[in-house]
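Undergrad: First the structure, then my questions, so here it is.
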Amino acid sequence: MQLSTIPPRSYVISKSPSAAKQMTSSTLDRLLFLHGGGVMEVCGSSSVTLREFGCEQSLLSRPDGSASFIQGDTSVLAGVYGPAEVKVSKEIYDRATLEVLIQPKVGLPSVRERSQEQCVRETCEASLLLSLHPRSSLTLILQVLHDDGSLLSCFLNAACMALMDAGLPMSCLFCGVTCAIDTDGQIITDPTAAQEKESRALMTFAIDSTERRVLMSSTKGSFSVHELQQCIAVSQKASEKIFQFYRDSVRRRYSKTL
Amino acid sequence: MAAGFKTAEPLEYHRSFLKENCRPDGRELSEFRTTTLNIGSISTADGSALVKVGNTTIICGIKAELANPTVEAPGKGYIVPNVDLPPLCSSRFRPGPPGEQAQAASQFIADVIESSEVIQTEDLCIDRGKLCWVLYCDMMCLDYDGNVLDACIVALLAALKNTQLPEITINKETCSPELNLEKRHGLHIHKHPVATSFCIFDDSILIVDPTSEEESLATAELTVVTDEEDRLCSLHKPGGSSLTGEKLQECINRATVRQREIHKLIDKVIYSVKTAQ
């Protein structure tokens, strides 16, 4: 695992939950917990493997909520500002205006980032209770720290963790899962950049936490209806792991403060 | 009275129609607006098409230019799609640089071209590593009444089928390309991707081909792109309310029917253009 992007001091990597417990209890209000995703787990007919993933919340002081999310070598930093005053031109009379900005690692945001921004924004809009903050603005900034595949799902996970950290009212949580179908027709969850390049089709889904339904879908490459259904089923299975991780990490965090 | 109701409570107004399984413009929930197609409307472009889906009007022009292939892909040409939503087409767009919707639409079209392999970029190569065609596909919205993505894909596909590239020979002595504008040949279209857009009302009711009013009131949007082999080229749902598997299957079934209709329409128009000549 490459750890060059964030100071190594803040990292806790654990394969066993007990080790994570010890380590997280030593970090004060910060939270970091890596899920041992490297272990193969067989659920039903298909196996769902995710790379090691981890998260750190409230690591920035200025934003109202912040989180960094790491999936393998892919790493995204998210910050949320708001509810704050809104520009008159963007004001919506019955709900808050959500703005999502994606900053690539190098250069300026391009058309691809715009389209990803749209996907993240509409997913957040669906889960946030925006009508509780009419005529106000919410800004979500996503900074790419390192891209090694499954970037859109990492954006979604980082966004959800940051929104949770900001304490914004939400109707449900959401997570992102990327699936790649390789040339043999095998489904790979959470692919690396190299696996993405070799794949025949690539799909990213956002899954909600209440009914495990598909909130967002973005695909590349051509695939059959059957393959799509398989990928959705695999993503729903993988989402269980991520939601369990959300739950564990929030529980760990608040068990110390309460 | 009805006009006042529509202005004051647009959502309630639409709901009262949807309750009766119809829509304010008299359509059923899974009914498209009339699609009109005109091919070869711009004489100065290498290929062009004008599409009307109800009031939504998209004109697509394709301009072929010669370029050097990139170092990474020396045996490939490239296609540059661009969607323009000018202030002319709706009051929701302001002059200036393209907004989020236009940029997201351009990206969507680029992804569909790549995913469906409607044209293989290898076909655009003239001289490996030295010369290739670049196709600039400009889609301009003249009237915005919802569902621009579907109209854009139809316009693009029809314009690509209409494109005639001049024959090119490379002069051995001067090493410069020579165009033969008299002799032209069409592009090889491998697949026929067709997009079908849906809106979800109140998290449950699915409607096809939304107007701009329905788009603004809906809780989610969804676009399915299928080709003639019933393979999905894209399932684009940027967010909004969630969807069950059965509803998704319903959307895909509707999309395959639509693909057949549009494929037939394009073939018919091309045939009528040929016979007129």
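The values are calculated or read from the model by the stated rules, or taken from the named source; none is laboratory data. This one's a predicted model, so the numbers in the text were calculated from it and none came from an experiment. With ideal geometry, Cβ positions are generated from the backbone for all residues, glycine too; neighbour counts draw on all protein chains shown. Quick note on the areas: whole protein, heavy atoms, side chains included, nothing else; ligands and nucleic acids left out. Shrake-Rupley method; radii C 1.70, N 1.55, O 1.52, S 1.80 Å.
Undergrad: Sum up the charges of everything whose Cβ sits under 10 Å from the Cβ of residue A:212, counting Lys and Arg as +1 and Asp and Glu as -1, but leave residue A:212 out.
TA: Overall, the nearby charge balance is -1.
Undergrad: Over the alpha carbons of chain B, what is the largest minus smallest coordinate on each principal axis, giving the biggest first in Å?
TA: In descending order, the Cα extents are 77, 41, 36 Å.
Undergrad: Around residue B:139, what is the net charge, scoring Lys/Arg as +1 and Asp/Glu as -1 over all other residues with Cβ under 14 Å from its Cβ?
TA: Taking every other residue near residue B:139 into account, the sum is -2.
Undergrad: Right, another one. Scaled to the compact-protein estimate 2.2 N^0.38 Å, what is the alpha-carbon radius of gyration of the protein assembly as shown, rounded to two decimal places? Write out the running numbers ahead of the final one.
TA: On the way: Rg = 24.7 Å, N = 535, 2.2 N^0.38 = 23.9 Å.
Relative to the rule-of-thumb radius for its length, the protein assembly as shown sits at 1.03.
Undergrad: Using the heavy atoms of the protein chains alone and a 1.4 angstrom probe, what is the accessible area of the protein assembly as shown per residue in square angstrom? Mind showing how you got there, number by number?
TA: Values: 24540 Å² over 535 residues.
It amounts to 46 Å² per residue over the protein assembly as shown.
Undergrad: Still on this structure, I have one more. Using 22 Å as the Cα-Cα cut-off, could you pick out the over-long pairs in B:183/B:268; B:63/B:130; B:76/B:130; B:19/B:237; A:197/A:220?
TA: Result: B:183/B:268; B:19/B:237 exceed 22 Å.
Undergrad: Considering only protein heavy atoms and a 1.4 Å probe, what is the carbon-and-sulfur percentage of the accessible area of segment B:32-276?
TA: Within segment B:32-276, the accessible surface is 51 percent carbon and sulfur.
Undergrad: Also: If a paramagnetic tag sat 7 Å from the Cα of residue B:257 along the Cα-Cβ line, which residues of segment B:18-46 would have the backbone N under 12 Å from that point?
TA: B:28-32
Undergrad: May I pose another question? For residue B:80, what is the net charge nearby, where nearby means another residue's Cβ is under 11 Å from its Cβ and Lys, Arg count +1, Asp, Glu -1?
TA: -1
Undergrad: Work out the length of the dipole vector of the protein assembly as shown about its Cα centre, built from +1 on the beta-carbon of each Lys and Arg and -1 on the beta-carbon of each Asp and Glu, and round it to the nearest 20 debye.
TA: Computed charge dipole of the protein assembly as shown: roughly 900 debye.
Undergrad: How crowded by other chains is B:242-253, given as the mean number of beta carbons from other chains within 10 Å of each beta carbon?
TA: Average neighbour count from other chains, rounded to a whole number: 4.
Undergrad: Still on this structure, I have one more. Could you sort A:155-163, A:108-116, B:269-277, B:197-205 so that the peptide with the highest average Cβ count within 10 Å comes first and the rest follow in order? Please report the intermediate quantities before stating the final value.
TA: Working: A:155-163: 28.7, A:108-116: 16.8, B:269-277: 10.8, B:197-205: 19.3.
Final packing ranking: A:155-163, B:197-205, A:108-116, B:269-277.
Undergrad: For segment B:125-204 and segment B:18-94, what is the separation of their Cα centres, given in Å?
TA: 11
Undergrad: Still on this model: Computed FRET efficiency, Cβ-Cβ of residue B:179 and residue B:213, R0 41 Å: what is it to the nearest 0.05?
TA: E(calc), rounded to 0.05, equals 0.30.
Undergrad: Return the value, in Å² to the nearest 100, of accessible area buried between chains B and A (probe 1.4 Å, both sides summed).
TA: Answer for the B-A pair: about 2500 Å² buried.
Undergrad: After finding the eigenvalues of the alpha carbon gyration tensor for segment A:112-218, what semi-axes result from the square roots of 5 times each, listed largest first in whole Å? Could you put the intermediate results ahead of the total?
TA: Working: eigenvalues 154, 43, 23 Å².
After diagonalising the Cα gyration tensor, the semi-axes are 28, 15, 11 Å.
Undergrad: Taking the 0 to 90 degree range and rounding to the nearest ten, how far is the long axis of helix B:100-116 tilted relative to the main principal axis of chain B, both from C-alpha atoms?
TA: Once rounded, one gets 60 degrees.
Undergrad: Between the helical axis of B:148-162 and the dominant principal axis of chain B, each derived from Cα atoms, what acute angle in degrees is found, rounded to the nearest 10?
TA: 30
Undergrad: Let me know the mean shielding of A:205-214 by other chains, meaning the per-residue number of their Cβ atoms within 10 Å of its Cβ.
TA: 3
Undergrad: Where the centre of each part is set by its Cα atoms, how far does segment A:112-169 sit from segment A:50-76, in angstrom?
TA: When both Cα centres are located, 13 Å separates them.
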